[in-house]
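Data block below; observations after.
The values are calculated or read from the model by the stated rules, or taken from the named source; none is laboratory data. Only a predicted model underlies this, so the values are computations on that prediction, with no experimental measurement involved. Note that we place each Cβ from the backbone using ideal geometry, even for glycine, and neighbour counts take in every protein chain shown. SASA here: full protein model, heavy atoms, side chains in, ligands and nucleic acids out. Shrake-Rupley method; radii C 1.70, N 1.55, O 1.52, S 1.80 Å.
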Amino acid sequence: MLRYDEERLGELLRLLRPAPEAWVRAAQELPYARSTFDEIVARAEADVAFRSALIADLESALMREGYEPDRRIIGELRERLSES
């Protein structure tokens with residue numbers, strides 16, 4: 001196995017093309033989306049009425065409660081709610 005020091009690794013990394021802008025943007029948005037998802041799931045587990053509203057009409061329930069209906073969060077929530 002080859003071993004590289006930090007300088008050599010830096011040189012190799014500089015040879016790579018920059019990540020696509022969409023990848024960078026997605027990586028920046030991920031922590032917010034994950035925390036929002038976790039918050040909604042925790043609330044749905046603790047609040048039967050909120051959970052029922054999510055199951056009946058996910059997008060409307062989220063908007064009523066002040067959540068931005070992000071497509072990734074909605075997709076994950078649909079999957080999570082269908083498992084229960």
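Roughly what % of Cα-Cα distances in the stretch 1-66 sit above 18 Å, to the whole percent?
Numbers: 1315 of 2145 pairs.
It works out to 61 percent of all Cα pairs.
Over the chain, what relative contact order in percent results from Cα pairs under 8 Å that are six or more residues apart? Before the final figure, lay out the partial values.
Details: 25 pairs, mean separation 18.0, N = 84.
Computed value for the chain: 21 percent relative contact order.
Quick one: ranking 4, 32, 67 by accessible area, 1.4 Å probe, largest first, what do you get?
Working: 4 105, 32 150, 67 30 Å².
Sorted by accessible area, descending: 32, 4, 67.
Over the chain, with every protein chain in place, what whole percent of the accessible area is carbon and sulfur at 1.4 Å, could you tell me?
Details: 3750 of 6880 Å².
In the chain, the share of accessible area belonging to carbon and sulfur is 54 percent.
Magnitude of the Cβ-charge dipole of the chain, K/R +1 and D/E -1, about the Cα centre, nearest 20 debye? Working shown, then result.
On the way: 13 positive and 18 negative charges, 49 e Å.
About 240 debye.
Net charge near residue 43, counting Lys/Arg +1 and Asp/Glu -1 over other residues with Cβ under 12 Å of its Cβ? Please list the in-between numbers first.
Values: positive: 51; negative: 38, 39, 45, 47, 65.
So the environment of residue 43 carries a net charge of -4.
Mind listing the Cα extents of the stretch 44-84 along all three principal axes, in Å, largest one first?
21, 20, 16
What is the sum of charges around residue 54, taking Lys and Arg as +1, Asp and Glu as -1, for the other residues whose C-beta is under 14 Å from the C-beta of residue 54? Can you show the working numbers first?
Values: positive: 43, 51, 64, 78, 80; negative: 39, 45, 47, 57, 59, 65, 76, 79, 83.
Local charge sum for residue 54: -4.
At 1.4 Å probe size, what's the solvent-accessible area of residue 2? Round to the nearest 10 Å².
About 130 Å², ignoring ligands and nucleic acids.
Can you give the local net charge around residue 63? Use residues other than it whose beta-carbon is closer than 12 angstrom to its beta-carbon, Lys and Arg +1, Asp and Glu -1.
Working: positive: 64; negative: 57, 59, 65, 68, 70.
Around residue 63, the surrounding residues sum to -4.
Which one, 17, 51, 34, has the greatest fluctuation when you compute a Gaussian network model over the chain with C-alpha springs under 10 angstrom?
Comparing 17, 51, 34 in a Gaussian network model of the chain, the most mobile one is 17.
So if we plug the beta-carbon distance of residue 29 and residue 55 into 1/(1 + (r/R0)^6) with R0 = 30 Å, what FRET efficiency do we get, rounded to 0.05? Working shown, then result.
On the way: r = 26 Å, r/R0 = 0.86.
After rounding to 0.05, the efficiency reads 0.70.
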